[in-house]
Amino acid sequence: MPIHVKDPKLLQALVENSKRSGPYAGAFLVKDDEGTNPNTVTSSESDNSIHDLKGKELLKRLHDVGTLAQITRIQGDLVVLLGHHRVRKTEMVAEDPLIVKVDHLKEMPYDKDDDVIKATSFEVISTLRDVLKTNSLWKDQVQTYTQHMGDFNYPRLADFGAAISGANKLLCQEVLEELDVCKRLKLTLELVKRELEISKLQESIAKTIEEKVTGEQRRYLLNELLKAIKKELGLETDDKTALSEKFRERIEAKKDKCPPHVLQVIEEELTKLQLLEASSSEFSVTRNYLDWLTLLPWRDYSDENFDVYHAQCILDEDHYGLANVKERILEFIAVGKLRGSSQGKIICLSGPPGVGKTSIGRSIARALNRKFYRFSVGGLADVAEIKGHRRTYVGAMPGKMAQCLKSVGTANPLVLIDEIDKLGRGHSGDPASALLELLDPEQNANFLDHYLDVPIDLSKVLFVCTANVIEMIPNPLLDRMEIISIAGYITDEKMHIARDYLEKNTREVSGIKPEQVEVTDDALLALIENYCQEAGVRNLQKHIEKIYRKIALKLVRQGVSNGPPRDITIVEAKEDLASFDVAIKVEDEKSKDSLAKDASVDVNPIDSSLENINAIPLTTESEIDHNEHSNEDPIEKNLQETTKVFNTSSAPEANKSAQRTTEALADKSVEKIIVNASNLGDFVGKPVFQTERIYDQTPVGVVMGLAWNSMGGSTLYIETAKVEESEGKGALVVTGQLGDVMKESAQIAHTVCRAVLLEKEPNNPFFAKLKLHLHVPAGAIPKDGPSAGCTMVTSMLSLAMGKSVKKDLAMTGEVTLTGRVLPIGGLLSLKQVKEKTIAARRSGVKTIIFPSANRRDFDELASNVKEAHDMGVKVKVNSCKRELPI
């Protein structure tokens, strides 16, 4: 055994001793510190403390029994010892290095022919053989031992087994101290048995790991072999060759349509791909780039439908109204038919939410037979979403238009850009500026995506944008689009939409049959006027869905099921049976189990002559549960509801009669649910909106005005009252959360009123003495805009002259400081006139006063908007200059 000696004096003593004729030394095991576990691995600090011990302290730490060992070789601090026999230390001779007197120990006498000793030794040898088969390290130790120790005997066998085992040092010390050969053999047997178990565990672990590693290596080698075989047979090429062939096949099919500059880029990238290693990052970038270039539909256009009448039918089928939008699409189709080909256009649909801006885009695509693609730019703050990323970035992708063309597979789709008025702006640039190139007819024929880096022709794409407020769109972008305003729907338009579109679709989605429910016209009218006064119909759709959900729940509670029909027949009865069987045939095999649970058949026993048969009707599980919890006996209840079928001795007649009874029970009708104005609240709750009219007869100083915002038109009142009177201190106070423009309009109106009153009644000092308070309810709603000037002037003059305005009258118009009335709306004058007219109709106004310059807008309105026959309203336009309606 090789031992490292760290004590220099001890090492020097061993070197000197090795030069003698009898180079021997004593080897003793050091005891562990008290309170420590001998099985626990200790740090080097404890080893250092042992080397620090000298003399008697070191002697106390040594076990009494050790080994007389021969010094065979010393190399540096490595001393190789060969054990000979046992010794016991008796007394100390020298302290440094430690020299002790010893007694040489011999084994106790034993009988070589003892059966126990023989059996134990044979078992030790057998166990050692098993260990040697699995542990190659032991073979070397056996060879070394046999070379130095000669023949085996029982004591040496025990020592050998303990020596080569990797047992705990204290267990080996027990073997060393044991002089009884039989006991020593038993101790050694325990040690080698433990080594055998460890060897088996080691073999099991090695086998598991080897199987795992070998399986992966085998699979890898087989895959590589398979690739090599396929490559030799020409069945498969390597990755780069296969990719190149795939890309070439793609581009070959569209080579005639692909632009020359794109073909050149593809060829360059294919050549570059062959030179790159498949494991490099540049390889994956080039592969993805070629994938996009070869998948785009270069000059691949879908066949368009230029049939104007067919397009008209499709547009009318999907949407009611929207005449200006439909007319513009039909014009687009007509121009395309005369030219023989169509060009791309940029159309912007503006209007309040829920009027059908987004859904009309899909209908336009269907009418034109174009592919449809929609993406929303609401909140978009990254230019790369429009123009694409540079290919140098990790995870780079093309912009939305390249993704669109790849998705639809044609170069002339209809692209709906939703919420274009809600574009964001962040640190990544201004998307609105990036859209200038995309939505410019002169530039998008050569649209350059940062990722593709080749021009894309978007001149054939029909762009349809949607917006709620076009004032939020930057002017350069707005200039490139053709604006089509979509105003809100009036009551009769909402009635048509609800009846012909919303109710029909909702009924089908809810699984309700038309004969099971009826929603009357007065219910729809009440729903529109009291719950859904918005310009659009989205809220109306939600309320109709709510009604049909309530109806569906009510029908299900009544036991109605609109699922697959169930055929119920009764098996023919035989005279020799005491009862007849009921067989249920179900069209759907999967519903057999559920039908067995949901139906129960109760047949009273009958005699063999079939003279009395009572049929109990089929009941659902819920009905049974209800009957079980009711006070009435379920059997008696079923008997009351059951008609006696027959009393006869003929089995066939009994069978036919029972079948007719069962069919009658299966065809049990359910009462039709009717929704009208009286019970509408049971389905949608209390009315949300009340009439916007506060006064039946407007008092002095109060005038109704007309307002407009992105949600549509509405009416509001302007109220003026006296505050206090003081000579020469006429003033005006305004409230109602008015904006700066509206406050300025109030000051202008106050100045104009003083001039008008001075002209009409020179002796009336009303405005010179009184402090006035002008209020616009409701106070919690912010308001701003110039078109209330005319209404403010009328309100103040009504108070000054003590006269109320005409009943059921509303007005709008901006007033200048000289008293002129300017037109309303600007670019959206037609839209504002329509929305304000609709709002006036909703409030029961019979006379509307518009500026005379808006007459052309009013004349363009549809007749159903100008003349409200259902409300008895006549709308007229008056010139609002210096003649005021008082």
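Each semi-axis of the equivalent ellipsoid for the stretch 230-288 is √(5λ) with λ an eigenvalue of the Cα gyration tensor; in descending order they amount to 22, 17, 7 Å. Note on surface exposure: 310, 427, 63, 389 rank 427, 310, 389, 63 by accessible area, highest first, 1.4 Å probe. Legend: calculated FRET efficiency, residue 803 to residue 505, from the Cβ-Cβ distance at R0 = 41 Å, rounded to 0.05, equals 0.20.
Largest first, the residues 287, 820 sort by 1.4 Å accessible area into 820, 287. Rolling a 1.4 Å probe over the protein heavy atoms leaves residue 319 with an accessible area of roughly 20 Å².
Expressed as a whole percentage, what fraction of the accessible surface of the stretch 318-357 belongs to carbon and sulfur atoms when a 1.4 Å probe is rolled over the protein heavy atoms?
Whole-percent figure for carbon plus sulfur exposure: 55.
Of 357/846; 542/846; 504/550; 112/186, which sit over 27 Å apart, Cα to Cα?
Long pairs (Cα-Cα over 27 Å): 357/846; 542/846.
Note on residue 335 and residue 863: their simple-model spin labels are 3.1 nm apart, each label 7 Å out from Cα toward Cβ. The slack in the chain from residue 747 to residue 553, taken as 0.36 nm per residue of separation less the alpha-carbon distance, amounts to 64.0 nm.
For the stretch 391-468, the Kirkwood estimate of hydrodynamic radius, built from reciprocal distances between every pair of different alpha carbons, is 13.6 Å.
Pop the C-beta distance of residue 406 and residue 203 into the FRET formula with R0 = 60 Å and round what comes out to the nearest 0.05. Efficiency for this residue pair is about 0.55. For the stretch 702-877, the extents of the C-alpha atoms along the principal axes are 53, 32, 27 Å, listed from largest to smallest.
Restricting things to alpha carbons, find the Rg to Rh ratio for the stretch 491-557 using the Kirkwood radius for Rh.
0.95
Summary of the geometry: the stretch 157-191 and the stretch 56-89, compared by the centres of their Cα atoms, lie 18 Å apart.
Taking 0.36 nm per residue of sequence separation and removing the Cα-Cα distance, the residue 99/residue 246 pair yields an extension gain of 44.2 nm.
Hey, what's the stretch 751-797 come to in accessible area per residue, 1.4 Å probe, Å²?
42
A straight line joining the Cα centroids of the stretch 332-359 and the stretch 278-305 runs 29 Å. Would you mind estimating how fast the stretch 389-521 diffuses translationally, via Stokes-Einstein at 37 °C and 0.692 mPa s with the Kirkwood radius over Cα pairs, in µm²/s? After rounding, the answer is 178 µm²/s. Within the assembled protein chains, the solvent-accessible surface assigned to residue 863 is about 90 Å², based on a 1.4 Å probe. Multiplying each eigenvalue of the alpha-carbon gyration tensor of the stretch 445-505 by 5 and taking the square root yields semi-axes of 37, 18, 9 Å, largest first, rounded to whole angstroms. Rounded to two decimals, the Cα-based Rg/Rh of the stretch 210-369, with Kirkwood Rh, is 1.25.
For 509, 556, 702, the ranking by accessible surface with the largest value first comes to 509, 556, 702, using a 1.4 Å probe. Translational diffusion of the stretch 308-485 was estimated from the Stokes-Einstein equation, with Rh taken as the Kirkwood radius over Cα pairs; at 20 °C and 1.002 mPa s the coefficient is 128 µm²/s.
The heavy atoms of residue 501 present about 40 square angstrom of accessible area, all protein chains included, probe 1.4 Å. According to the Kirkwood relation over distinct C-alpha pairs, the hydrodynamic radius of the stretch 785-852 is 12.7 Å. Accessible surface for the stretch 308-485, divided over its residues, is 42 Å² per residue with a 1.4 Å probe.
The values are calculated or read from the model by the stated rules, or taken from the named source; none is laboratory data. Remember, it's a predicted structure, so these values are computed and weren't measured experimentally. Every residue, glycine as well, gets a Cβ built from its backbone with ideal geometry; the counts of neighbours run over all protein chains shown. The accessibility values were calculated without ligands, DNA or RNA, using every heavy atom of the protein model including side chains. Shrake-Rupley method; radii C 1.70, N 1.55, O 1.52, S 1.80 Å.
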